[in-house]
Amino acid sequence: MSQPNVFVVGANHHVAPIAVRERLTLNPEQATGLQHDLAGIAGLKEFTIVNTCNRIEIYGVAASSDVAAAVQAAFCRRQRFATEEFEQFRLELRNQSAVGHLLEVAAGLDSQMVGETEIFGQVKEAYAAAQERGLTGPVLNRIFQKAFQSAKLARSQTGITEGQISVANVAVELAANIFGNLEQTRVLLLGAGDIGEKTAKAFRSRGAGSLVVANRRMERAMELASELGASALPFGQHEGRLGEFDIVVGSTSAPETVVSAQATTAAMRHRPARPLFFIDLALPRDIDPAVATLENVFLYNLDDLAKIAAENLTARTAEIAKCRALLGGRAEALWQHVAPKLTGGSGGSPGAYEAGRQPAP
């Protein structure tokens, strides 16, 4: 008889390139639909979906070992993604390995940019959303709460975040390397969400001379522009005015590209001798990859920035090992506490467990 287990199934940046991740990532409507799909799977007692630009991971508590396969099948149906192709990139871990993975994710140890702290907030938001809908119970509640404690401990007791790197900082540093002094550059920010705001502030801190914000909600563009001493541009005008800018940052949540190769070609006719630098921080991507083939046009996406950031890891190798050892020990202790709850042994009874989650409304 199959034993109850904790599992994680999904895909992340370690094995799935950006072209695959943008097909796997869930928009809000898809995420809600997947929650309903998973809530109907027999034997799936609890679950939480962690969905970011670098990972789609479903953490669950299952009555038997075949439930993870049902979760994978439901996800692939929802995303219209062939199961055979998904399995080329699949992450699947169980029990203590799954617990340990979550602890490393929350601490930023598993991130593309090791030590970044944005993932901590993303995992907290994912857990809060699942808890609010009654999708978690005594096992995942314990695991996620301890993951957050462990992440804070790792940051305070190791140097994992020393010389902290983020997508925003790496992007701005790259721009500075290409243009030198940023005082004479004109920067267009597409999207005014969290990552866009952080990138805009990073450009401001490095002395960017002119900053323009374009967002689908003009009110939000004007709000961020006012905060930064920048100006706002109606979103529908951005392609027609590309030629006015030196650096274009894409950070929208649009389902398709918002800057085409055709518009970029037209822009370069007005500035043939001046380079145009694109930084695409969105997933799905904002900038048509074909723009990289144009003369004097440079395009960097999330994976490109991660490769640059990886060059800075050498000095922190010892701290990474120290952090991994700390989290590994805590994962083992946590699993020893959680394991009995799965079978109703010491630490939890079957009756109490079954009351832990109600199907999503």
Residues C53, C76 in order from fewest to most other beta-carbon atoms within 10 Å are C76, C53
Count of lysine pairs, the chain, Cα-Cα under 25 Å, sep. 8 or more residues or interchain, comes to 16
Most exposed to least, judged by fewest other Cβ atoms within 10 Å, M218, M268, M113 sort to M218, M268, M113
The chain: relative contact order from alpha carbon pairs under 8 Å, six or more residues apart, as a whole percent, is 18 percent
Expected sort for Y300, Y59, Y127 with the fewest Cβ neighbours (10 Å cutoff) up front is Y300, Y127, Y59
Taking a ≥ b ≥ c as the square roots of the eigenvalues of the Cα gyration tensor, with a/c under 1.5 meaning rounded and otherwise prolate when a/b exceeds b/c and oblate if not, region 167-310 is rounded
Stretched fully, the stretch from A31 through E132 gains (0.36 nm per residue minus C-alpha distance, one decimal, in nm) 34.9 nm
Contact order relative to length for region 167-310, counting C-alpha pairs under 8 Å separated by 6 or more residues, stands in percent at 22 percent
If the chain between S97 and R216 were fully extended at 0.36 nm per residue, the gain over the current Cα-Cα distance would be 38.7 nm
Quick shape check on region 212-257: root eigenvalues a ≥ b ≥ c of the Cα gyration tensor, a/c under 1.5 is rounded, otherwise prolate if a/b tops b/c, else oblate, and it reads oblate
For the chain, longest principal axis from Cα atoms; helix 118-132 axis from its Cα atoms; angle between them, nearest 10 degrees, is 50 degrees
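Laboratory data are not the source of any read-out in this text; all were calculated from the coordinates shown. A quick note: this is a predicted structure, and the numbers were derived from the prediction, not measured. Note that each Cβ is placed from the backbone with ideal geometry, even for glycine, and that neighbours are counted across all protein chains shown.
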